[in-house]
1. Keeping to the range 163-174, report how many residues are in contact with a strand residue (DSSP E or B) (Cβ under 6 Å, 6 or more places away or on another chain) and in a helix (DSSP H, G or I).
2. Being touching a residue at least 24 places away in the same chain (Cβ under 8 Å), among the polar types (S, T, N, Q), in contact with a Phe, Trp or Tyr (Cβ under 6 Å, 6 or more places away or on another chain) and more than 24 Å from residue 130 (Cβ to Cβ): is that true of residue 254 here?
3. Find the residue count for the range 291-326, including only residues that are surrounded by fewer than 23 Cβ atoms within 10 Å (Cβ to Cβ), of a type outside the set (Lys, Arg) and under 19 Å from residue 180 (Cβ atoms).
4. Need a quick list: strands (runs of 3 or more DSSP E) entirely within the range 182-259 having at least 1 residues that are among the aromatic types (Phe, Trp, Tyr) and surrounded by 16 or more Cβ atoms within 10 Å (Cβ to Cβ).
5. Could you tell me which residue of the range 227-275 is modelled with the lowest pLDDT, considering only residues that are under 21 Å from residue 197 (Cα atoms) and of a type in the set (S, T, N, Q)?
6. Would you call residue 129 without any contact (Cβ under 8 Å) to a residue 12 or more places away in the chain, assigned to a helix (DSSP H, G or I) and over 21 Å from residue 50 (Cα atoms)?
7. Taking the condition among the hydrophobic types (A, V, I, L, M, F, W, C), assigned to a loop (DSSP other than H, G, I, E, B) and crowded, with 19+ Cβ neighbours inside 10 Å, does residue 278 pass?
8. For the range 305-337, give me each residue that is in a helix (DSSP H, G or I) and either touching a Cys at 6+ places or on another chain (Cβ under 7 Å) or under 19 Å from residue 294 (Cβ atoms) (or both).
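The values are calculated or read from the model by the stated rules, or taken from the named source; none is laboratory data. Nothing here was measured: the structure is a model prediction, and the numbers come from that model. A quick note on method: Cβ atoms are made from the backbone with ideal geometry, for glycine too, and the neighbour counts reach across all protein chains shown.
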Amino acid sequence: MKIKIRKVKGGDKMKKRNLIVGIVVVLIVGLLIGGYFTFFHSSWKFTEDRPIKIVWIDSYHHDRPSSIDKFNSFRDMLLESGREFEFEDFEMDTKRNPDGAEQKGKEAQAFIDSRNPDVIYLTDDNAQKYVGSYYIGKDVLIIASGIDGDPKDYGYLDADNVAGVVEKEHFVGSIRFLQEIDPQIQRVAVIGDNEETTKIAFDYAKEESKKMDDVDFVGWEMLSDFEEFKERVLYYQERADAFFFLGLSALQGTTEDDTIRWITENNNLLETTFTAHLIGKGLLASLDASAIWQGKAAGNIAKEILIDGKNPSSFNFEAPKKGDQILNYARAKQLGLIIPSTILINSKVFEEFPWEIEE
């Protein structure tokens, strides 16, 4: 019995191999394209022929400079797209009324539900905690900025309708800025109110302080009462070279403006803080995390999602790297400091105390 052996030509082998390779390539390309549109592009791209409706929920009050800067820069970034937008806002006012945060959160939710927006823009942590967390997974885009805490605490990291930026204050940079002004600074006392977001800032500052082996942190104090605050500031006059003030708006028995004026009249040490508006009100200097850059970064993310069609989950929660040197020259003169011209040139400078301007 003869066995017939079929000879396979080399060309047939090549055709089969090319066919298999072609199938594999098509599958890979399909997976890549599918993954691209799944990860980078999403249904959040706005295609309707009407203005995009945005509701801004502010943790604080709208006449607070950092709140104004965040919103204005966020809005301006979106308007660069050429699209039409409608903006409405709600202020929770929790900096001046911290005990009412939860109730204000409920009122903010009712306000949002009555407006049915396409986007909720949330600034600072109380808006994230008492409002943003409620809308996770719902048919509305959440853009967050000014987050001092961890986004995962608000459920943001696993949410497919949330994106934004965190706010990492320049604790080390602000103290280094003071040391540029006075290289003799070695002892720093950290004092603030006991408001909820201040507690977050305190924890962050303590962690950052470990990076400064050349600085002795002689005190960490969170206070609730203005009389106690005054007592502690006077206590450190001979025990520290400088203050880092964290949160001055929630002290009982005073206002932020009155507290700062008292500091300028009774504190002989250099001082710094996290926020630029406190320098404008009279404190000496700060490397500010910049509310403007917070708003710009959040606005750019919103624009890329709504206009370019990117997926919210394609953005990491990161802090803008830029900060601004802020100096109150009136305070510097009051303390008898000679400020190098290089600092003056590279800083935003307030030349007068606000009460001098009013008078």
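1. 2
2. yes
3. So the count comes out to 3.
4. Answer list for the range 182-259: 216-223, 242-246.
5. Ranking the candidates gives 275 first.
6. No, not satisfied.
7. Against the criterion (among the hydrophobic types (A, V, I, L, M, F, W, C), assigned to a loop (DSSP other than H, G, I, E, B) and crowded, with 19+ Cβ neighbours inside 10 Å), residue 278 does not qualify.
8. In the first step, residues of the range 305-337 are kept if they are in a helix (DSSP H, G or I); the result is 305-306, 312-314, 329-334.
Correct list: 305, 306, 312.
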